[in-house]
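I have a structure here, written as structure tokens, and I will follow up with some questions on it.
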Amino acid sequence: DTGVSQNPRHKITKRGQNVTFRCDPISEHNRLYWYRQTLGQGPEFLTYFQNEAQLEKSRLLSDRFSAERPKGSFSTLEIQRTEQGDSAMYLCASSSSAGQETQYFGPGTRLLVL
Amino acid sequence: GDSVTQMEGPVTLSEEAFLTINCTYTATGYPSLFWYVQYPGEGLQLLLKATKADDKGSNKGFEATYRKETTSFHLEKGSVQVSDSAVYFCALSPLNQGGKLIFGQGTELSVKP
């Protein structure tokens, strides 16, 4: 299977701890997106990369959040000093950069902050 | 800012009924429009898309037409099946903003045999 993969699939942590999620996009895709989805809502855009460059960050992405894509392949999303309000599903998607290409989504990482 | 509004769910239909899920949007210029679907226990997947006014996207018996004059992209299917039970998300991608998606809140569809 060469789809988008995300690890871990589930994460339970205590408030104040740091967590890191990983996303492996489809190999030939140079764009990578992070979204956050809370229960009963649609996904909300957080940030995106073209190759290794982070080109846009939503105002939803507070300074406790940081994302990287060091070699233009996989990406990590780190949340420092987690809060209960960070509990959500974190989705990763990838696409090529040609026009309005389809984004392919991973299964997501479900975070629960206790 | 840009936004998407969908009709609230859940929507419950009998098999073979006609489906409409309303979607309207607010955006500058001519965004691309999408419907994504999330089946139980699965990730989001693209159902159909339209990139310019009056385009019709279609897939698996579902259709939606990009209506600039009413800023709408309503999803329709003539005869739903139990296997269509899922959450449906309308989304737009603003022009020249890197392809990011702005989603509606989702509409849950339940089809009964």
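The values are calculated or read from the model by the stated rules, or taken from the named source; none is laboratory data. These numbers come from a predicted model, not from an experiment. Because the Cβ atoms are built from the backbone with ideal geometry, glycine has one as well, and the counts that use them run over all protein chains shown. Just the protein is used for accessible areas: all its heavy atoms, side chains included, with ligands, DNA and RNA removed. Shrake-Rupley method; radii C 1.70, N 1.55, O 1.52, S 1.80 Å.
Which residue, A:104, A:76, A:49, has the largest displacement toward the positive end of the dipole of chain A when charges sit on each Cβ (Lys, Arg +1; Asp, Glu -1)?
The residue sitting most towards the positive pole is A:76.
Need the full-extension length gain, residue B:30 to residue B:13, defined as separation in residues times 0.36 nm minus the C-alpha distance. One decimal, nm. Show your work: numbers first, answer last.
Values: separation 17, 0.36 × 17 = 6.12 nm, distance 3.31 nm.
Taking residue B:30 through residue B:13 to full extension adds about 2.8 nm, to one decimal.
Something else now. Report the full-extension gain for the segment residue A:71 to residue A:87: residue separation times 0.36 nm, less the Cα-Cα distance, to one decimal in nm. Provide the component values of the computation, followed by the final result.
Details: separation 16, 0.36 × 16 = 5.76 nm, distance 2.84 nm.
2.9 nm is the gain from fully extending residue A:71 to residue A:87.
Any idea what the alpha-carbon Rg over 2.2 N^0.38 Å comes to for the protein assembly as shown?
Expressed relative to 2.2 N^0.38 Å, the Cα Rg reads 1.02.
Ignoring any ligand, DNA or RNA, what whole percent of the accessible area of the protein assembly as shown comes from carbon and sulfur when the probe is 1.4 angstrom? Please report the intermediate quantities before stating the final value.
Values: 5030 of 11060 Å².
Result for the protein assembly as shown: 45 percent of the exposed heavy-atom area is carbon or sulfur.
Shifting gears a bit: What is chain B's relative contact order, in percent, from Cα pairs under 8 angstrom and six or more apart in sequence?
37
Pop a pseudo-label 7 angstrom from the Cα along the beta-carbon direction at both residue A:27 and residue B:52 and give the gap in nm to one decimal.
My value for the distance between the label points is 3.5 nm.
Shifting gears a bit: Between the alpha-carbon centers of region A:2-72 and region B:29-103, tell me the distance in whole angstrom.
If you average the Cα positions of each part, the centres end up 23 Å apart.
Excluding ligands and nucleic acids, what accessible area in Å² is computed for residue A:48 using a 1.4 Å probe, to the nearest 10?
Approximately 20 Å² for this residue.
Straight distance only, please: which lysines reach the Cα of residue A:71 with their own Cα at less than 28 Å, same-chain residues fewer than 8 apart left out?
Within reach: A:11, A:57, B:100.
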